[in-house]
1. Do we find a residue being touching a helix residue (DSSP H, G or I) at 6+ places or on another chain (Cβ under 8 Å), buried (at least 17 other Cβ atoms within 10 Å of the Cβ), modelled with pLDDT of 95 or more and not polar (S, T, N, Q) anywhere in the stretch 99-109?
2. Condition first: on the phi > 0 side of the Ramachandran plot and among the small types (G, A, S). Can you find one or more residues in the stretch 88-98 that meet it?
3. Mind listing whichever residues of the stretch 6-42 are in contact with an Asp or Glu (Cβ under 9 Å, 6 or more places away or on another chain) and surrounded by 13 or more Cβ atoms within 10 Å (Cβ to Cβ)?
4. Test E33 against the criterion of being at pLDDT below 95, closer than 22 Å to S137 by Cβ and not aliphatic (A, V, I, L, M), and give yes or no.
5. Search the stretch 110-132 for residues being outside any helix (DSSP H, G or I) and hydroxyl-bearing (S, T, Y), and hand back the single one that is surrounded by the most Cβ atoms within 10 Å (Cβ to Cβ).
6. Being small (G, A, S) and more than 11 Å from the chain's Cα centre (by Cα) is the filter here, so list the residues in the stretch 73-92 that pass it.
7. Since G47 meets every condition but one in (1) touching a residue at least 24 places away in the same chain (Cβ under 8 Å); (2) open to solvent by 20 Å² or more (accessible area, probe 1.4 Å); (3) among the small types (G, A, S), which condition does it not meet?
8. Out of the stretch 93-108, which residues are more than 15 Å from the chain's Cα centre (by Cα) and β-branched (V, I, T)?
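The values are calculated or read from the model by the stated rules, or taken from the named source; none is laboratory data. In this text the structure is predicted, and so the values were computed from the model without any measurement. No Cβ is skipped: glycine too gets one built from the backbone with ideal geometry, and neighbour counts run over all protein chains shown. Just the protein is used for accessible areas: all its heavy atoms, side chains included, with ligands, DNA and RNA removed. Shrake-Rupley method; radii C 1.70, N 1.55, O 1.52, S 1.80 Å.
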Amino acid sequence: MKAGMAMNIRYASNIEDITREALQALFLSVEWESGKHPDELVQAIQGSHSIAAAWDGDRLVGLINALSDGVLTVYFHYMLIHPDYQGKGIGKAMMDIMLDRYKGCKTKVLISYESAVDFYQKCGFSKEDGATPMFISSLV
């Protein structure tokens, strides 16, 4: 997005509106490995409990998804904003949508990169003493 351009961001929760190409472009824009696996990425997003997406016209510029039992726990798995749109309040707006949607859940969980910890703390998350994120990943 060019400096000085007005933003007209639309937020939506329709999983079916998100195309393979839009997902791949967004994930590759932040250099996430999963962007190299667009068919699996579509399946992953379609399997989400819910999503919040940010659109600039027909361009997908942000996405957060939730995996949840709908009652006790929600896990926010993907949260990404196209680099051209970062720092403009889009991530906060999407997180607010999701936190409101899952306000009844007792536990809200995510794994953060170190560079995003401050952002998530501003959204109300805190580090869990004694907890260590653990992974088995075959993405390469």
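1. Step one: filter the stretch 99-109 for residues touching a helix residue (DSSP H, G or I) at 6+ places or on another chain (Cβ under 8 Å), giving 108.
When the remaining residues are screened for being buried (at least 17 other Cβ atoms within 10 Å of the Cβ), the result is 108.
With modelled with pLDDT of 95 or more added as a condition, the list becomes 108.
The next check asks that each one be not polar (S, T, N, Q); those that pass are 108.
Checked the stretch 99-109: at least one residue is touching a helix residue (DSSP H, G or I) at 6+ places or on another chain (Cβ under 8 Å), buried (at least 17 other Cβ atoms within 10 Å of the Cβ), modelled with pLDDT of 95 or more and not polar (S, T, N, Q).
2. Yes, the stretch 88-98 contains at least one residue that is on the phi > 0 side of the Ramachandran plot and among the small types (G, A, S).
3. Kept after step one, since they are in contact with an Asp or Glu (Cβ under 9 Å, 6 or more places away or on another chain), are these residues of the stretch 6-42: 7-10, 20, 22, 27, 29, 34, 38.
If the condition is that a residue be in contact with an Asp or Glu (Cβ under 9 Å, 6 or more places away or on another chain) and surrounded by 13 or more Cβ atoms within 10 Å (Cβ to Cβ), then I9, A22, F27, S29, S34, P38 are the ones that fit.
4. Numbers: at pLDDT below 95: yes; closer than 22 Å to S137 by Cβ: yes; not aliphatic (A, V, I, L, M): yes.
Spelling it out, E33 is indeed at pLDDT below 95, closer than 22 Å to S137 by Cβ and not aliphatic (A, V, I, L, M).
5. Pass one, the stretch 110-132, residues outside any helix (DSSP H, G or I): 110-113, 123-132.
Add one more test, that the residue is hydroxyl-bearing (S, T, Y), and what stays is 112-113, 126, 132.
Working: S112: 16, Y113: 8, S126: 8, T132: 5.
That would be S112.
6. Taking the stretch 73-92 first, the residues small (G, A, S) are 87, 89, 91.
Answer for the stretch 73-92, where residues must be small (G, A, S) and more than 11 Å from the chain's Cα centre (by Cα): G87, G89.
7. Unmet for G47, out of (1) touching a residue at least 24 places away in the same chain (Cβ under 8 Å); (2) open to solvent by 20 Å² or more (accessible area, probe 1.4 Å); (3) among the small types (G, A, S): (1).
8. Selection gives T107 alone.
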